[in-house]
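Chemist: Okay, here's the structure, questions in a sec.
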Amino acid sequence: MSVSRGRLIVFEGPEGVGKTTQLGLLGAWLEERAIAHIRVREPGGTPLGNEIRRLLLDPASEVEPRAEALLFMASRAALVDRVVEPAMRRGALVLADRFFLSTYAYQVAGRGLPEDEIRGTNRFATRGLVPDLTLLFSASAGARLERQLLRGSSDRIESAGAEFHTRVAEQFDAFLSPEWQREHPECGPIEAVDAAGTPEEVLERVIELLASRWPDVFPALGASRP
């Protein structure tokens, strides 16, 4: 089935928190129930975005912070225009692996770029599109590191260093402050998800949260376990 109005649901969090795994599990859960949705990731999702992704994540690439931010925005603009907005017009749910919060975390907090300039550039890239909900996953530093080690080799951003990733993780924590959210309406509502436990346990938390917000779209958990 499709919903009367498409919704953009973003999966966010620092490296190793398990958000991509949860996006895939939720996508499979929706597919089993014939709920119209698409899955996208940043950067990527279009021919331009995929080429930008290759460049940005290649450990051999040398990309200055301002150029890095602008490349992310270029990928986002193409993704919104060519994939996200058309899907939402069709009434589909859009599950996005990262969106604007990652820019605040990685390029503003991590790289030290000015927030006001990043904010304006994002508004231009997205034409003011605001996520309907962002699920912000959190896990201990030890659990995140363990998951990263299991993944093997690191990309350019994952290899940025401990101090960089500490700033990024601290910024993700700051996003949960009601005051921060009031001051950043362009990011939409943000809900914390405890990423501790098995993937199936975390998925239950995700579905419960979504069902409480949109009971017309997400069936009651007790009657619809994956």
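Chemist: Measure nothing fancy, just the Cα-based angle from helix 19-32's long axis to the longest principal axis of the chain, in degrees from 0 to 90, nearest 10.
Modeler: 30 degrees
Chemist: Cut-off is 10 Å between beta-carbons; in what order do L48, L8 appear when sorted fewest neighbours first?
Modeler: L48, L8
Chemist: Test of the criteria: in the range 12-83, which GluC sites (Glu not before Pro) are in a DSSP loop and have at most 13 other Cβ atoms within 10 angstrom of their Cβ?
Modeler: Those that pass, being in a loop and sparsely packed, are E62.
Chemist: Taking Cα pairs under 8 Å and at least six residues apart, what relative contact order does the chain come out at, in percent?
Modeler: Once divided by the residue count of the chain, the mean separation gives 29 percent.
Chemist: For every helix of n ≥ 4 consecutive DSSP H residues, a contribution of -39,500 (n - 2.57) applies; sum these over the chain, divide by its total residues, and give [θ] at 222 nm rounded to the nearest 500 deg cm²/dmol.
Modeler: One gets -14000 deg cm²/dmol as the mean residue ellipticity at 222 nm.
Chemist: Which one, I190, N122, L30, is farthest towards the positive end of the dipole of the chain when Lys and Arg carry +1 and Asp and Glu -1 on their Cβ?
Modeler: Among I190, N122, L30, the one farthest towards the positive end of the dipole of the chain is L30.
Chemist: Check which residues have an amide H placed less than 5 Å from H37's amide H, if you skip close sequence neighbours.
Modeler: HN-HN under 5 Å from H37: L93.
Chemist: Please compute the length gained on full extension between D173 and A196, using 0.36 nm multiplied by the number of residues separating them and subtracting their Cα-Cα distance.
Modeler: In short, 6.7 nm is gained.
Chemist: Could you work out how far helix 141-151 tilts from the main Cα principal axis of the chain, as a 0 to 90 degree angle to the nearest 10?
Modeler: 90 degrees
Chemist: Same structure, new question: What's the local net charge at G197, with K and R +1, D and E -1, over the other residues with C-beta under 12 Å away?
Modeler: Net charge in that neighbourhood comes out at -3.
Chemist: Take the Cβ-Cβ distance between Q181 and D116 as r, set R0 to 22 Å, and report the resulting FRET efficiency rounded to the nearest 0.05.
Modeler: FRET efficiency, Q181 to D116: 0.80.
Chemist: Just check the range 7-217 against the gyration tensor rule for me: Cα atoms, a ≥ b ≥ c as the square roots of the eigenvalues, rounded for a/c under 1.5, and otherwise prolate or oblate depending on whether a/b exceeds b/c.
Modeler: Note, shape of the range 7-217 comes out rounded.
Chemist: Continuing with the same structure: If each residue of separation counts as 0.36 nm, what is the full-extension length gain between E51 and L209 once their alpha-carbon separation is subtracted?
Modeler: Residue separation times 0.36 nm, minus the Cα-Cα distance, leaves 53.4 nm.
Chemist: Here's another thing I want to ask about it. Would you mind calculating the gained length between R89 and D216 on full extension (0.36 nm times residue separation, minus the Cα-Cα distance), in nm to one decimal?
Modeler: Length difference between fully extended and current span is 43.9 nm.
Chemist: Follow-up. For the chain, take the longest principal axis of its alpha carbons; what is the angle in degrees between that and the long axis of helix 65-79, to the nearest 10 within 0 to 90?
Modeler: 30 degrees
We did not get these values from a lab; they are worked out from the coordinates using the rules stated. Given the structure is predicted, the values throughout are model-derived calculations rather than measurements. Don't worry about glycine lacking a Cβ; one is built from the backbone with ideal geometry, like all the others, and counts go over all protein chains shown.
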